[in-house]
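For reference, the structure discussed in these notes is given below.
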Amino acid sequence: MAGIGLGELADALDARLADADARLIAQYPGDSGRRQPVHTVYVPADQVRAGICAEWGRQALASMDEFAPDAEALAAAVGMDPGAVADALPRVRAKLAEEPIEDLRVDLEDGYGARSDEEEDGHVASAVAALAADLDAGQAPPYFGVRMKGMESAGRRRGLRSLALFVGGLLDAVGRLPEGFVFTLPKITSTDQVEAMVWAAEQLEKRFGLPAGRLGFELQIETPQSVLTPDGAAAVARMVHAGEGRVTGLHYGTYDYSAAVGVTAAFQSMAHPAADHAKAVMQLAAAGTGVWLSDGSTNVLPVGGREQVHAAWALHAGLVRRSLERAYYQGWDLHPHQLPTRYLATYAFYREAFEPAAARLKAYLGAAGGGVLDEPATAQALASALVRGCNCGALEEAEVEAAAGVGSEVLRGFADRRVG
């Protein structure tokens, strides 16, 4: 017997897979096209003051002037190629003067500690007032928010209260919730906690008259339970989808996670194999979802004498570069003196990638011959590298457009899968 016609077969396949097609689009929408910050700066709530971004920038520049006043000295301090440092340095100094912090998190968790309710309420209010003043003065970073206490029983009431005070205070002070606002949910140990945060966010939106879905949050992955379920499944993947579109990022917590899996203090690091395993699971869980990834921090700070500062700078620059090579395009910074090496390592990475990526993309878009035959997905990654470089200030749009042979809008659309 002859089977059904090809047209009928195709229609039947479309019907059979319609639900699966819809789930794929809903669960894996791809990148949002928004600018991802290169770092998140954590500052205890009681230390947040108006003008904090500019102050961090001034301290960062002063540290460079004192400990590495020129490109040659800085290259020697961090162990990088002198030519790459000389190329990036003017851009780094301009960044530190103009936009030293891309993402600021007011910390009410580990970096802040346990305080009385009255004291924490006061620090939330003062931090909101400082950020409102910076917004009014045009000095606020593109992204900012709060790291609340988590959903553990001991801290959840306090965490919810501080989050509500922060959101309500911002709305009262500036009449809106800034586009770059986000909050961080730490120490997650179950998907139930993510589902509870979704519900709490819905209630806060109703309380403050915000649009449904406006309150997005990051998940801080710093417990074994947030990586692996008791039956061996990837817990973080379940958590991303339990967020119902509200999860904006996954942030690795270096020291809590390292301690929880038994790594002794001397060997706790972003580069430990235990950290690499957790971050690889996070990377798979986030792939295609539009959820950003952030590496953790190093607690070796560039303070003290010249030798100590140079050693800490070299460590930090190497870790930033390592993260970038592993497609972790964001990390944490904890001290103003870490900003020079954050931007130096980041800018050198994108400057190094620039010419080869632009040439390969130009060849792909023009269907020209070349020594490398790129797939569409690789071409998208090339465009994304160029866009990320422009977003953070490592590259200028004019030089990228000239080298790639396309305008910035086409380039960004291609990177975001809107073109191609």
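The values are calculated or read from the model by the stated rules, or taken from the named source; none is laboratory data. The shown structure was predicted, so the numbers you read here are calculated from the model rather than taken from an experiment. Neighbour counts are summed over all protein chains in view; Cβ atoms, including those assigned to glycine, are modelled from backbone coordinates with ideal geometry. Please note that ligands, DNA and RNA were not included when accessible areas were found on the heavy atoms of the full protein model with its side chains. Shrake-Rupley method; radii C 1.70, N 1.55, O 1.52, S 1.80 Å.
Yes or no, residue by residue, for (1) under 18 Å from residue 42 (Cα atoms); (2) out of contact with any Leu (no Cβ under 6 Å at 6 or more places or on another chain); (3) open to solvent by 20 Å² or more (accessible area, probe 1.4 Å); (4) modelled with pLDDT under 95:
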| site | (1), (2), (3), (4) |
| --- | --- |
| 318 | no, yes, yes, no |
| 324 | no, yes, no, no |
| 327 | no, yes, yes, no |
| 333 | yes, yes, no, no |
| 340 | yes, yes, no, no |
| 360 | no, no, yes, yes |
| 364 | no, yes, yes, yes |
| 371 | no, yes, yes, yes |
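Being aliphatic (A, V, I, L, M) and out of contact with any helix residue (DSSP H, G or I) (no Cβ under 7 Å at 6 or more places or on another chain) narrows it down to one residue among 127, 137; which is it?
Only one candidate qualifies: 137.
Pick from the range 1-33 the residues that are assigned to a loop (DSSP other than H, G, I, E, B) and within 30 Å of residue 287 (Cα to Cα): which of them is least open to solvent (accessible area, probe 1.4 Å)?
Across the range 1-33, the extreme among qualifying residues is 30.
Please verify whether the range 279-287 includes one or more residues that are among the basic types (Lys, Arg) and out of contact with any Phe, Trp or Tyr (no Cβ under 8 Å at 6 or more places or on another chain).
no
Return yes when residue 154 is among the small types (Gly, Ala, Ser), touching a residue at least 40 places away in the same chain (Cβ under 8 Å) and open to solvent by 30 Å² or more (accessible area, probe 1.4 Å) and no when it is not.
So residue 154 fails the test.
Just give me the residues in the range 61-110 being open to solvent by 10 Å² or more (accessible area, probe 1.4 Å), farther than 30 Å from residue 131 by Cα and part of a loop (DSSP other than H, G, I, E, B), in sequence order.
Residues satisfying the conditions are 69, 70, 79, 80, 81.
Among the residues of the range 256-271, what is the count of those that are out of contact with any His (no Cβ under 7 Å at 6 or more places or on another chain) and under 18 Å from residue 236 (Cβ atoms)?
Summing the residues that are out of contact with any His (no Cβ under 7 Å at 6 or more places or on another chain) and under 18 Å from residue 236 (Cβ atoms) in the range 256-271 gives 5.
Give the residues of the range 380-412 that are surrounded by fewer than 22 Cβ atoms within 10 Å (Cβ to Cβ), of a type in the set (Gly, Ala, Ser) and more than 16 Å from residue 349 (Cβ to Cβ), sorted by residue number.
Correct list: 398, 402, 403, 405, 407, 408.
Taking the range 188-233 as the search range and keeping residues that are open to solvent by less than 40 Å² (accessible area, probe 1.4 Å) and in a strand (DSSP E or B), which one is farthest from residue 250 (Cα to Cα)?
Here the answer is 217.
Just the residues that are assigned to a helix (DSSP H, G or I), under 15 Å from the mean Cα position of the chain (by Cα) and aromatic (Phe, Trp, Tyr), please, taken from the range 314-358.
343
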